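Everything below concerns the one structure shown next.
Here, each number is a calculation from the coordinates, and none is a lab measurement. Note that this is a predicted model, so its numbers are computed, not measured. Note that each Cβ is placed from the backbone with ideal geometry, even for glycine, and that neighbours are counted across all protein chains shown.
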Amino acid sequence: MGCIVILTTRKEDLASKSSYHYGHFSYRMKPLIDHESRILFSRSMFGSENHCTSRFREVSDEILSKCSGIPLAIILVARLLANRPSPLREEWEGIRDSIGIQESGTNPTWERMRQILYLSYKDLPHHLRTCFLYLGIYPEDSEIQRSELIRQWVAEGFVHHSPGQNLEDVAQSYFSELINRGLIQPANTNYGEVVSCRVHDVILDFILSSCTEANFVSVAYNLGEIRGQNEYKIRRLLLDPRIGDEGDTAIAGTTATTLSHVRSLQLFGEPLPVLLLSKYLRVLTLENQRVDLTTVGQLFQLRYLNVSAGAIELPTEIQGLQHLAIFQIFCTSEIRLPSETARLPRLRHLILPLYTRLLDGIGRMKSLCTLEGFDVSDVQNINDLGVLINLRDLQLYNSQVLTEIEIDALVTSLGKLCNLRSLCIICSVGQWTHDVNDRLGSLSCPPFHQIQKLELIRWLLPRAPRWINGGLQSLIRLKLSVKETSTAEVRVLGALPSLNDLDLWVQSCPQDEAPIAFGPGGFPALEHLKIYCGGDFFSRLRFEAGVMPNLQKLTLSYMDSEWSGTAPVGVEHLLNLREMQLFPFSDSGSVDNDRIRRAFTGVVEAHGRSLDGAALRVCSHPVPRTVAQEPLIGAKQSLVCYKR
């Protein structure tokens, strides 16, 4: 069985040489035709295909002719025009006249592309120009995480304070502005929000060229290249020996002089003494198999530290990092933080490997907004969590079964954290927390009014929390494990106006025979629903007309031996359903595929879709009960009953 390799390039001679042994086969991408260019222009500028008025039609056609059918050029010029406070023909004509002048190279199309990029760049406010150029410190084709990028902008001092907003919220608005202008491209989204981006290679070429002119960011693939850049002191450096020749690794005197004023450094696989060459270092990103951080405490200006490694050696003293605001470590081996970490006064984000021991004195860290990766292992430290009232994102793990005392301490602390936007508690596989007294569900004062994501994984509640209907207007994502549920509780969940993604793990059916009904008007924003159920839950499941108008994907997971063979009723009322998956679990290693087909053939046909052999596939390797007890994990294959 062969494979196909597709090489893309803007260089025609490279395409020709690459295809020499394959019949000189190369495909020249065709530009958009005039009609397609108009559609893309209108969509990018107005949000619809036919919004351009007759008064602007002629000048818009002239602008489009200069874009030569290149989609990126069309999008950029459309967003540039859309950013004007009011449409004036004179401004459109000015942009038209600015494109295509002074063409002297052999490729006028790409020269016009650069001119459009230059116009877009010059249209940015000064603070956005700086943030835009900073993207040059990322390697080509990187997926750039929004959270990391905006924190780096803040650490560099690029973000201006705005009354009523913290700096990271302001930086997020900068990120959104660059997305809206088409200068960065969305990579991944969560619930309609862009969480990562990429930079088009044409735009990155422009950024790096501009960075070179302004001595803003330097890129090198070995230390020898840095010595060739010593005309100016380097301010920001991407040093990435993963690409090209490793070259010289010795740190000469000229190198030390050149690096003496570095403020931002992304370093991949180079020896760490490079770090100590600049006392001005504010932003440091390291990636290597093994990283020695024992001397990092001497970087007194450091604001941002992000390290990815197989093994990390941490310093014994860290009190010198008085300005450190972001401390983020991804590591496959166990680490132990210096005790002085709790005394860093400006630390706002502390993200560490899973199951890191919770710091002694964590209650001193009043500035913390993000705390992720810690193991809930000590009652005193659990109590100290309750004083961290500025926390917005909290992710905790427990490697052992929590005692009643530990559950009580943790719930008491969580009830005090009124500013949480995201709460995730993950109990280890096989280490379920059985909250039999419903401590979390019966908090007296409804908590988490600003919560957007709530994930309680393997934390088993008797029923849905009582406070779930206490004003959680912003809740988007919910993972919940309950002993049993009822129609009344389902309707409480259905009243959450913003809920987009729900994972509901139900241990067993109620003793009564009453159906579990998802009623009309419920779950108005829900797009993804996953249910794992014990017992014969499906035979009681009802979807009534008018429920879940936006649901696109339904996942049902169950024990095959406990299922009666009756499918849920009313799936046809899920009018926007695109895909339904079944995960049957079985101790015997097999399921009755014919029974599944008989049950769900009617479901699909009732939805108004024909069923053929390709539409219904049975999981051939059912998962045993031990895995089924974990909420919606473990199944490698699924039964896809309906996909449109």
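Give me, ordered by chain and number, the residues 5 or more places off Lys479 or on other chains with an amide H under 5 Å from its own placed amide H.
Leu454, Glu455, Leu456, Asp503
Output wanted: per-residue J couplings in Hz (rounded whole) for the stretch 382-395, from phi through Karplus 6.51 cos²θ - 1.76 cosθ + 1.60, θ = phi - 60°, x for Gly and Pro.
4, 4, 5, 4, x, 8, 8, 6, 8, 4, 10, 10, 10, 10
Once you sort the root eigenvalues of the Cα gyration tensor of the stretch 140-196 as a ≥ b ≥ c, which label holds: rounded (a/c under 1.5), prolate (a/b larger than b/c) or oblate (the other case)?
It comes out prolate by the Cα gyration axes.
How would you classify the stretch 137-245 from its alpha-carbon gyration tensor, with a ≥ b ≥ c the square roots of the eigenvalues: rounded for a/c under 1.5, else prolate if a/b is greater than b/c, otherwise oblate?
prolate
Tell me the relative contact order for the stretch 126-209 as a rounded percent, counting alpha carbon contacts under 8 Å between residues six or more apart.
37 percent.
Can you give me the C-alpha center-to-center distance between the stretch 462-528 and the stretch 121-170, rounded to a whole angstrom?
With the stretch 462-528 and the stretch 121-170 each reduced to a Cα centre, they are spaced 39 Å.
Using the Cα centre of the chain as origin and beta-carbon charges of +1 (Lys, Arg) and -1 (Asp, Glu), tell me which of Ile531, Cys369, Leu461 is placed farthest towards the positive end of the dipole.
Farthest towards the positive pole: Cys369.
By average Cβ neighbour count within 10 Å, what is the ranking of 212-225, 347-360 from highest down?
The packing order, highest mean first, is 347-360, 212-225.
Indicate, rounded to the nearest 5 percent, the antiparallel portion of the DSSP beta bridges found entirely in the chain.
Taking every DSSP beta bridge with both residues in the chain, the antiparallel ones total about 10 percent.
Given a cut-off of under 8 Å on Cα pairs at least six residues apart, what relative contact order in percent is computed for the chain?
This gives 5 percent for the chain.
If R₀ is 25 angstrom, what is the calculated FRET efficiency for the pair Glu140 and Leu354, using the beta carbon separation as r and rounding to 0.05?
Efficiency computed from Cβ-Cβ geometry: 0.25.
List the lysines whose Cα lies under 20 Å from the Cα of Lys11, skipping any in the same chain that are fewer than 8 positions away.
Those lysines meeting the cut-off are Lys30.
Using +1 at the Cβ of each Lys and Arg and -1 at the Cβ of each Asp and Glu in the chain, identify which of Ser147, Leu496, His127 lies farthest towards the dipole's positive end.
His127
Under a cut-off of 27 Å between alpha-carbon atoms, report the lysines in cross-link reach of Lys416, not counting same-chain residues fewer than 8 places apart.
Straight-distance partners of Lys416: Lys366, Lys453, Lys479, Lys483.
Compute the whole-percent fraction of alpha carbon pairs in the chain spaced more than 40 Å apart.
Counting every Cα pair in the chain, those more than 40 Å apart make up 45 percent.
Could you tell me whether the stretch 383-454 comes out rounded, prolate or oblate from its Cα gyration tensor? Rule is a ≥ b ≥ c as square roots of the eigenvalues, rounded for a/c under 1.5, then prolate if a/b exceeds b/c, otherwise oblate.
Prolate, because a/c is 1.5 or more and a/b exceeds b/c.
If each residue's Cβ is checked for other Cβ atoms within 10 Å, how do Cys369, Cys533, Cys418 rank with the fewest at the top?
Listed from fewest to most nearby Cβ atoms, that is Cys418, Cys369, Cys533.
For the stretch 510-519, take each phi angle, set θ = phi - 60°, evaluate the Karplus expression 6.51 cos²θ - 1.76 cosθ + 1.60, and give the result in whole Hz per residue in order, putting x for glycine and proline.
Using θ = phi - 60°, the values come out as x, 5, 6, 9, 5, x, 9, 10, 8, x Hz.
How high is the relative contact order of the stretch 474-615, given as a whole-number percent (alpha carbon pairs under 8 Å, six or more residues apart)?
This gives 18 percent for the stretch 474-615.
Which order do Ile405, Ile203, Ile95 fall in if you start with the one that has the fewest other Cβ atoms within 10 Å?
Sorted ascending by nearby Cβ count, the order is Ile405, Ile95, Ile203.
Quickly work out the Ser498-to-Thr566 label distance, labels modelled 7 Å from Cα along the C-beta direction, and quote it in nm with one decimal.
Result: 3.9 nm between the two label points.
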